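These notes are about the structure you will find just below.
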Amino acid sequence: MKRVKSIILAFAAMVAVTATAQDFSDPQYAKWGDTPEQRKENILASTFLKEELANRNYNSAAGYLQQLIERCPGASENIYANGIKLYKMKINRARSLAEKNSYVDSLLWLYDVRLKHYAAHPKRGAAYILERKAREHLTYRESDREGVRKDFEAAIASQIENNGTADPELVVIYFKNLCDDYTNDIVDAMTVVNAYDANSKFFEQLTAEQADLKNQFENCFGASGAANCDNIKKIFESRISAAPNDEALLAQAFSLLKKAGCDNDFYFTVGELYYGVSQKSEVAMLLAQAFQNKKEYAKANEYLRKALEKETDNAEREKLYVRIGILEMTTNNYAEAIGAFKEAGALNPENGYVPYFLAQCYVASSKDCSAGLVRDAVHWVAYDLMQQAIPALETTDADVAATAKNLATSYRAAFPTAEECFFAEMKEGSSYTLRCSLAKGVTTKVRYRAQ
């Protein structure tokens, strides 16, 4: 320890000798004080501040920092760089909450002093200083929600003034905290909505490395609860009216409306505009489901078929055909439903939903057949189809498989009677081609109703 102190004293003496040899009356030293003597003292204090900090003599370093702030606050950025290090060290070593809070006050105050003297610095001016202060405020005094919020807003405003834009990472940190404040009833919904509206433009043109920041920003808003349907409409209605073909804007609005579970007229307006410019099958499918939920089946069918036109993946096309078939069944368009189910079956013969729904379409279409064997015969085909569906559905959808078993039982109970078949000269097990319903032309086998 004595050796270390000797080295420090020797270094200090060397610095003092060097400083003595300098001519502090030179104008280049004017920022250090009014007289050569003051300048010399302050330059030495700056050197000693750095050395005492390096040697963890924090109380001594604090004395030198105070001297420099009082006498020559605009002399060097290093005063603040070292001062910030000093107070962070003291914060980490504080022995009580009161002591820690005092050092945090000093740290934030130091940024204010730096801002006063270095706001116009070409590289580390107001935008840089305010950003650093905001981050430090959040780190060391997160509970001061209003203070943190104001510091981030000041930093973002300064970046915009200086660069015409704001750092999206800084905006995400600010906005996440704002959404947390809303969740904790510190700010109201419109504060969040207005902040979203004001800052969303900073995420329009990001680098590949920044791409996730937009998702973070959008997710914060979507999860906050402030993004309700009315608020989203307030944000986007006028903007979309002014730019109805802006795909990025429409995508943003549609995504938020979808996350908020909106089913208002604005959702459909935005969705249809978005599909119009994007022609994306997934958008068409979302619109189809939304229209179907509103029981606007014609529009739902329209968008399912639009999705089908764009879809190239056979697995997705298969699902779309099934959805179209179900929708056509809902509106009693059984011929169109059968056509769709058969297309799905051609794409995947193992699809259990195809025979499950075909059977129901055939039975439903037989209501117009004349009563008796001609009509009841359709149940032979329906039963066979349901028996085909059951094993496939048992591996994919147990609930539907259970329903299929019940339907198969009901179809078997509706087979023509032995008496009906006898009078029609039809023996059990013989071939029979249906003459009525949408199953007309399908060949099956004669079976008697169980007595």
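Here the helices (runs of 4 or more DSSP H) wholly within the stretch 352-444 that include at least 3 residues being within 41 Å of the chain's Cα centre (by Cα) are 353-365, 378-396, 398-413. For the stretch 378-401, the set of residues classified as among the small types (Gly, Ala, Ser) and either surrounded by 23 or more Cβ atoms within 10 Å (Cβ to Cβ) or over 24 Å from residue 434 (Cβ atoms) (or both) consists of 382, 389, 398, 401, listed by residue number. Contact map, the stretch 122-137: residues that are under 11 Å from residue 111 (Cα atoms) paired with residues that are charged (D, E, K, R) and buried (at least 18 other Cβ atoms within 10 Å of the Cβ), Cβ distance under 6 Å, separation 6+ or inter-chain. Pairs shown: 129/114; 133/151; 134/151; 137/151.
Under the condition of being modelled with pLDDT under 95 and farther than 23 Å from residue 423 by Cα, the residues counted in the stretch 373-391 number 0. Being out of contact with any Pro (no Cβ under 9 Å at 6 or more places or on another chain) and modelled with pLDDT under 95 holds for only one residue in 198, 243, and it is 198. Of the helices (runs of 4 or more DSSP H) contained entirely in the stretch 83-200, those carrying at least 2 residues that are within 26 Å of residue 54 (Cα to Cα) fall at 97-118, 126-140.
Note on the stretch 118-163: among residues that are hydroxyl-bearing (Ser, Thr, Tyr) and in contact with a helix residue (DSSP H, G or I) (Cβ under 8 Å, 6 or more places away or on another chain), the one that is farthest from residue 185 (Cα to Cα) is 118.
Within the stretch 57-72, residues that are assigned by TED's automatic domain parsing to the domain that holds residue 41 and farther than 13 Å from residue 46 by Cβ reach partners that are assigned to a helix (DSSP H, G or I) and among the hydrophobic types (A, V, I, L, M, F, W, C) with beta carbons closer than 8 Å, at six or more positions or on different chains, in the pairs 58/86; 58/89; 60/48; 62/86.
The values are calculated or read from the model by the stated rules, or taken from the named source; none is laboratory data. For clarity, every value in this text was computed on a predicted model and none was experimentally measured. Note: ideal-geometry Cβ built from the backbone for every residue, glycine included; neighbour counts use all protein chains shown.
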